[in-house]
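The values are calculated or read from the model by the stated rules, or taken from the named source; none is laboratory data. Bear in mind that the values here come from a model prediction, so they are computed numbers and not experimental data. Neighbour counts are summed over all protein chains in view; Cβ atoms, including those assigned to glycine, are modelled from backbone coordinates with ideal geometry.
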Amino acid sequence: MAELYPLPVFHFVVQWGGTRVGFSEVSGLTQEVQPIEYRDGALPEYSTIKMPGLKKYSNVTLKRGIIAGDNEFFNWLNTVKLNTVERRDLVISLLNEEHEPVMNWKIHNAFPVKVEGPSLKASGNEVAIESVELAHEGLELQND
């Protein structure tokens with residue numbers, strides 16, 4: 001019988017509707033259901049009951065190394081005009097050893113709410129990293 005191991009987090013790909021560029025980090029793949037507390041005045045218990053309420057999605061943050069002349073994050077953020085913005089669907093795939101998707105997170109109607117440049121430090125020797133924070137309207141998990 002083959003041994004099963006959990007998948008490592010470092011082998012993933014992001015399809016975001018822009019130039020094919022690798023991301024170094026993805027965070028915020030969170031979905032929660034907000035509970036509703038309710039108490040009917042005629043109930044004999046003196047406490048509330050809890051029911052499932054609205055779904056809530058965290059903003060997703062994508063980080064990548066800065067490449068000279070590549071301003072796609074800022075250009076996407078600049079599509080925000082009054083009450084309109086360019087929305088994109090994203091697919092984040094966790095890959096196995098054969099580079100095949102094993103788990104997919106589909107993010108619906110995402111748009112940028114924040115673009116952050118790197119922290120610059122004269123004594124540093126790290127890669128310059130930029131990040132974009134995305135608001136969205138839904139997160140769907142597909143476990144293949």
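The table below gives the values:
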read-out: One residue from LEU62, LEU43 being touching a residue at least 60 places away in the same chain (Cβ under 8 Å) and either within 16 Å of GLY18 (Cβ to Cβ) or out of contact with any helix residue (DSSP H, G or I) (no Cβ under 8 Å at 6 or more places or on another chain) (or both); value: LEU62
read-out: Inter-residue pairs, beta-carbon under 6 Å, first under 20 Å from GLU126 (Cα atoms) and in segment 65-81, second charged (D, E, K, R) and not in a loop (DSSP other than H, G, I, E, B), 6+ apart; value: ILE66/GLU130
read-out: Cross-chain or 6+ apart pairs with Cβ under 8 Å, segment 1-22 first and under 16 Å from ASN104 (Cα atoms), then hydroxyl-bearing (Ser, Thr, Tyr) and modelled with pLDDT of 90 or more; value: PHE12/SER93; VAL13/SER93; VAL14/SER93; GLN15/SER93
read-out: Filter result for VAL127 (outside any loop (DSSP other than H, G, I, E, B) and in contact (Cβ under 8 Å) with a residue 12 or more places away in the chain); value: no
read-out: Residue in segment 68-119 that is modelled with the lowest pLDDT, counting only those that are of a type in the set (Phe, Trp, Tyr) and surrounded by 15 or more Cβ atoms within 10 Å (Cβ to Cβ); value: PHE73
read-out: Members of segment 83-102 that are part of a strand (DSSP E or B) and out of contact with any Asp or Glu (no Cβ under 7 Å at 6 or more places or on another chain); value: THR84, ARG88, ASP89, LEU90, VAL91, ILE92, SER93, LEU94, LEU95
read-out: Segment 23-53 - residue that is among the polar types (S, T, N, Q) and assigned to a loop (DSSP other than H, G, I, E, B) and, of those, nearest to ILE107 (Cα to Cα); value: THR30
read-out: Selection from segment 130-144 of residues that are buried (at least 16 other Cβ atoms within 10 Å of the Cβ) and either of a type in the set (A, V, I, L, M, F, W, C) or on the phi > 0 side of the Ramachandran plot (or both); value: VAL132, LEU134, ALA135, LEU139
read-out: For GLY65: the one exception among (1) out of contact with any Ser or Thr (no Cβ under 7 Å at 6 or more places or on another chain); (2) at pLDDT 90 or above; (3) surrounded by 12 or more Cβ atoms within 10 Å (Cβ to Cβ); value: (1)
read-out: All positions within segment 4-62 that are closer than 29 Å to ASN75 by Cβ, of a type in the set (Ser, Thr, Tyr) and surrounded by 12 or more Cβ atoms within 10 Å (Cβ to Cβ); value: SER24, SER27, TYR57, SER58, THR61
